[in-house]
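Taking it in order: structure first as structure tokens, then the write-up.
Please treat every number below as a calculation from the coordinates, not as lab data. On a predicted model such as this, the values are computed, not experimentally measured, just so you know. Reconstructed Cβ throughout: ideal geometry from the backbone, glycine too, with neighbour counts over all protein chains shown.
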2 protein chains.
Amino acid sequence: MDDLTEMLKGTLEGCVLEIIGREETYGYVITRQLNELGFADVIEGTVYTILLRLERNGLVQVTKRPSGMGPPRKFYSLNAAGRAELGKFWAKWEYLSSRIDKLKEGGR
Amino acid sequence: MDDLTEMLKGTLEGCVLEIIGREETYGYVITRQLNELGFADVIEGTVYTILLRLERNGLVQVTKRPSGMGPPRKFYSLNAAGRAELGKFWAKWEYLSSRIDKLKEGGR
DNA sequence: TAGTGGTACTCGGTGATACGGAGTACTGAG
DNA sequence: CTCAGTACTCCGTATCACCGAGTACCACTA
């Protein structure tokens, strides 16, 4: 697949939010999940950038825990603001994708 | 609707390509069509930026024609490269939106 | 014990994009 | 003759995904 980076802008963060919303998890695993979900070219650095932004914007709760395999992990879970943001994200996605699909079907 | 600007990145250009692909048209009208299609906050300056970029990238053919109502208009139509780019855009959109929808439905 | 590979995070810089505002210019109506 | 509507250009800004280098911890192995 061609380069998707421009198209991912604004949506990748929402995807990360969704993944975190399912269960408490951390950056390395989120990256792997995104790759398996078809976002094959998303790299770790990108995910960590998003995670740091979510933290800075107060959308997540962060807990550092030691790991048996490597350095300590930063576990993320959504707080109330994060859940609200996730809801807004899906509303926006719903709105946008319906408009684009209509355009695609020849809507004018 | 909330601010869509980040989500539009990478997709708005494709929408403009699609509109131009239907019939030869110009910036002012394209903006109006986008607004009617639900991209309500898209402003003229943005569309003209995209148009200039399409021209610079050799995806469109441009014809300047005088107008009875105001300054001359720059009419745009797709050339072969533009049609190819449009095809790639829809392929990318198809790919991305199917992944996101799967994620939304609880896919893992 | 030195090296390698996998796990895990941080930080600074880059490029692409949509947006905003100011400016130019032409036309017709009041 | 001013004003609103049409129509385009240019410059600057913010945001985002990406990239590379760096740090650090652990387990295995030669």
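Can you tally the net charge around B:Glu44? Count Lys and Arg as +1, Asp and Glu as -1, for every other residue whose Cβ sits under 14 Å from the Cβ of B:Glu44. Surrounding charge for B:Glu44 is +2. Relative to the dominant Cα principal axis of chain A, helix A:12-22 is inclined by about 60°. Working note: Debye formula, equal point scatterers on the alpha-carbon atoms of the protein assembly as shown, no solvent; log10 I(q)/I(0) at q = 0.18 Å⁻¹ is -1.25.
For the range B:34-108, which GluC sites (Glu not before Pro) pass both filters: DSSP loop (anything but H, G, I, E, B) and at most 12 other C-beta atoms within 10 Å?
Sites meeting the loop and neighbour criteria: B:Glu105.
If you take the Cα centroid of the range B:66-108 and the Cα centroid of the range A:1-80, the two points sit 28 Å apart.
Against chain B, whose longest principal axis comes from its Cα atoms, helix B:27-36 is set at around 40 degrees. For B:Ala91, neighbours were defined as the other residues whose beta-carbon sits under 14 Å from its Cβ, and their charges (Lys and Arg +1, Asp and Glu -1) total 0. Over all distinct Cα-Cα pairs of the range A:5-104, the Kirkwood formula returns a hydrodynamic radius of 14.3 Å. Measuring r between the beta carbons of A:Glu36 and A:Met69 and using R0 = 22 Å, the FRET efficiency lands at 0.70. For the range A:75-100, the residues whose amide N sits under 17 Å from a probe point set 7 Å from the Cα of A:Tyr48 along the beta carbon direction are A:75-76.
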